[in-house]
1. Would you mention how many residues in region 78-88 are open to solvent by less than 10 Å² (accessible area, probe 1.4 Å) and assigned to a strand (DSSP E or B)?
2. Whether any residue in region 66-74 is at pLDDT 95 or above, assigned to a strand (DSSP E or B), closer than 26 Å to Glu126 by Cα and not hydrophobic (A, V, I, L, M, F, W, C) is what I want to check.
3. Name the one entry in Lys163, Lys150 that is open to solvent by 90 Å² or more (accessible area, probe 1.4 Å), in contact (Cβ under 8 Å) with a residue 40 or more places away in the chain and among the basic types (Lys, Arg).
4. Only one of Leu78, Leu52, Leu57, Leu65 is in contact with a strand residue (DSSP E or B) (Cβ under 7 Å, 6 or more places away or on another chain) and either under 18 Å from Gln10 (Cα atoms) or acidic (Asp, Glu) (or both). Can you tell me which?
5. Which residues, counting only those in region 90-104, are over 15 Å from Asp151 (Cβ atoms) and open to solvent by less than 10 Å² (accessible area, probe 1.4 Å)?
6. Looking at region 130-147, is at least one residue among the hydrophobic types (A, V, I, L, M, F, W, C), over 17 Å from Ser15 (Cβ atoms) and in contact with a Phe, Trp or Tyr (Cβ under 6 Å, 6 or more places away or on another chain)?
7. If we keep just the residues of region 108-130 that are assigned to a loop (DSSP other than H, G, I, E, B) and of a type in the set (S, T, N, Q), which is least open to solvent (accessible area, probe 1.4 Å)?
8. Tell me yes or no: at least one residue of region 131-142 is open to solvent by less than 90 Å² (accessible area, probe 1.4 Å), within 20 Å of Lys85 (Cα to Cα) and under 15 Å from the mean Cα position of the chain (by Cα).
Amino acid sequence: MSYSGKQFEQNFKDSFKGSPYDKGLMRLFDVTSGYSGQATICDFLLYSYPNLFYLELKAEKTANLPFSNITRHQYEGLLEKADYKGAIPGIIVYYYTYDCIYFIPITVIRDIKSQGRNSINIDMCEKYAMPMVFRKKRVNVVIDTVSFVKDAKNFKSPEINLKEDKFVKN
């Protein structure tokens with residue numbers, strides 16, 4: 001059975017029910033294929049004083065998140081938000097075949113792209129992204145929302161130098 005992005009979005013939303021951040025989470029619904037020039041830059045907004053998270057969720061079967069799975073509008077919009085004090089924009093990717101979830105700040109994706117890469121794999125996430133605590137049920141996942149918010153507020157990625165780290169070229 002395949003796990004879908006929509007399923008991950010629902011699991012993420014359900015994880016916040018009854019948590020201290022329940023009322024601060026807002027699901028932004030996608031406008032059908034950018035109808036009338038409207039499109040959202042992310043799936044969720046999450047407010048936790050003094051921060052506003054802009055979160056785009058992705059579910060990947062392989063050990064690789066191609067940057068082509070992030071629209072130009074999403075990438076540019078999230079990158080723009082990174083300039084605002086208190087804003088925490090990023091991608092949450094669930095590599096479901098490998099049972100791991102990472103929060104990747106959009107600035108990390110920018111820095112990896114600037115070094116000529118077209119994707120981020122699990123090995124790179126282990127070094128440059130923030131692992132997320134979660135519990136897996138049979139199919140669904142439950143995110144530890146308290147640790148996510150606390151950890152993401154304090155997360156600092158190390159300097160990215162892919163040539164020195166000798167990651168296999170994709």
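The values are calculated or read from the model by the stated rules, or taken from the named source; none is laboratory data. Please read all numbers here as calculations on a predicted model, not as lab measurements. Cβ placement follows ideal geometry from the backbone for every residue including glycine, while neighbour counts extend to all protein chains displayed. Each accessible area value is taken on the protein alone, full model and side chains, heavy atoms only, with ligands, DNA and RNA left out. Shrake-Rupley method; radii C 1.70, N 1.55, O 1.52, S 1.80 Å.
1. Count: 0.
2. Within region 66-74 (the criterion being at pLDDT 95 or above, assigned to a strand (DSSP E or B), closer than 26 Å to Glu126 by Cα and not hydrophobic (A, V, I, L, M, F, W, C)), the answer is yes, since at least one residue qualifies.
3. Lys163
4. When all the criteria are applied, what remains is Leu57.
5. Passing the criteria: Ile91, Val93, Tyr94, Tyr95.
6. No, region 130-147 contains no residue that is among the hydrophobic types (A, V, I, L, M, F, W, C), over 17 Å from Ser15 (Cβ atoms) and in contact with a Phe, Trp or Tyr (Cβ under 6 Å, 6 or more places away or on another chain).
7. Gln115
8. Checking region 131-142: not a single residue is open to solvent by less than 90 Å² (accessible area, probe 1.4 Å), within 20 Å of Lys85 (Cα to Cα) and under 15 Å from the mean Cα position of the chain (by Cα).
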